[in-house]
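The values are calculated or read from the model by the stated rules, or taken from the named source; none is laboratory data. In this text, all values refer to a predicted model and were calculated from it rather than measured experimentally. Cβ atoms come from the backbone with ideal geometry, glycine included; neighbour counts cover every protein chain shown.
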Amino acid sequence: MPADIQPEYSTGAEQPIAQWSWRPGIAPRNAIAIGGVLIFLALVFTSSGLFALVEGILDSNAAPSRVPGQVTGYTSNILDNLPHLVIRLHMAGFPAQVTPAISPALRDSLQPGEQVILDFSPRLHTLYALESKGQRYNLPGSSPAGNPLGAIALIVLGLLLLPYPFFLTRWGWRDIREGSQNIDGTIIALNTSAHLRKRTPGLTSRLMRAWYMVDVQPIRGGAEMRFRVNETRYMALFVGEKVRLEYSPHLRYVYSIKQLEEVDEE
């Protein structure tokens, strides 16, 4: 190294926070495993939401399943601040006891021991109405369609979760198939978020993993490239150093970093 060049070693304390990268810098096989699990979860959310939405639409246009029951008492729920009936059911295939929310007016008209008829949606088994003494009452917050907003939220969550794991899995597969690449370049920036962990002691600092990022400018020209490395490699690098990186082209997982002087000696 020329004497007039002073290496700028990475200390982590005075460096800015690492910028997030679409290329996560993880091993290809790990990317395939993580991406596969997230794809499965996304498909579960989406299919569950679609199933609940379709079944709710069909239930809203179908006759209810009428189930006899007996009022055994009352309870309360701090979540909705409404009285709840405790009803024992007398039909196989349905829960032995339900506690639907009711209006305060209905609370005064039903007494323990009274016989009631409950209306359930035939597919989702959503309780949405009851009948007592020939009078039918709709239950607050319930409908034969179930919870369409919740079903739509599951669909949206699944669709939002799906794209990045798909690309993650695809990148991992392509990196395994195509193999590694080499780049000779100059380190132009070292970024880390390690200093944020020191400023947030306690549980947060233990849960938040530090990022260590290296920006490299290719010697033969071209746009700069960003790589994620572990702490050990990061602490051995400095700005201005000329290195050769072996990496996976899509995930940008770094297999090795060597000084160009070491490569020339080999």
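See the values below:
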read-out: Failed item in (1) surrounded by 17 or more Cβ atoms within 10 Å (Cβ to Cβ); (2) at pLDDT below 90; (3) farther than 20 Å from residue 147 by Cα, with residue 89 passing the rest; value: (2)
read-out: Unique residue being outside the structural domain of residue 216 (by TED's automatic domain parsing) and in a loop (DSSP other than H, G, I, E, B) when the list is 165, 112; value: 112
read-out: Enumeration of residues in segment 207-262 that are free of Cβ contacts under 8 Å to residues at least 12 places away in the same chain, charged (D, E, K, R), within 22 Å of residue 194 (Cβ to Cβ) and assigned to a helix (DSSP H, G or I); value: none
read-out: Residue check, residue 182 in contact with a strand residue (DSSP E or B) (Cβ under 6 Å, 6 or more places away or on another chain) and within 30 Å of residue 212 (Cα to Cα); value: yes
read-out: Lone unmet requirement of (1) modelled with pLDDT of 90 or more; (2) surrounded by 16 or more Cβ atoms within 10 Å (Cβ to Cβ); (3) touching a helix residue (DSSP H, G or I) at 6+ places or on another chain (Cβ under 7 Å) for residue 185; value: (3)
read-out: Residue satisfying condition, being modelled with pLDDT under 90, outside the structural domain of residue 109 (by TED's automatic domain parsing) and in contact with a Phe, Trp or Tyr (Cβ under 9 Å, 6 or more places away or on another chain), within set 3, 18; value: 18
read-out: Which numbered condition residue 50 misses (of (1) hydrophobic (A, V, I, L, M, F, W, C); (2) modelled with pLDDT of 95 or more; (3) over 27 Å from residue 248 (Cβ atoms); (4) exposed (fewer than 15 other Cβ atoms within 10 Å of the Cβ)); value: (4)
read-out: Selection within segment 20-72 - part of a helix (DSSP H, G or I) and farther than 27 Å from residue 163 by Cα; value: 56, 57, 58, 59, 60
read-out: Selected residue (criterion: surrounded by the fewest Cβ atoms within 10 Å (Cβ to Cβ)) from residues of segment 94-109 that are small (Gly, Ala, Ser) and assigned to a loop (DSSP other than H, G, I, E, B); value: 96
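For every residue, the table says whether it meets (1) under 28 Å from residue 29 (Cα atoms); (2) basic (Lys, Arg); (3) at pLDDT below 95.
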| position | (1), (2), (3) |
| --- | --- |
| 158 | yes, no, no |
| 196 | no, no, yes |
| 200 | no, no, yes |
| 208 | yes, no, yes |
| 222 | no, no, yes |
| 233 | yes, yes, yes |
| 239 | no, no, yes |
| 251 | yes, no, yes |
| 260 | no, no, yes |
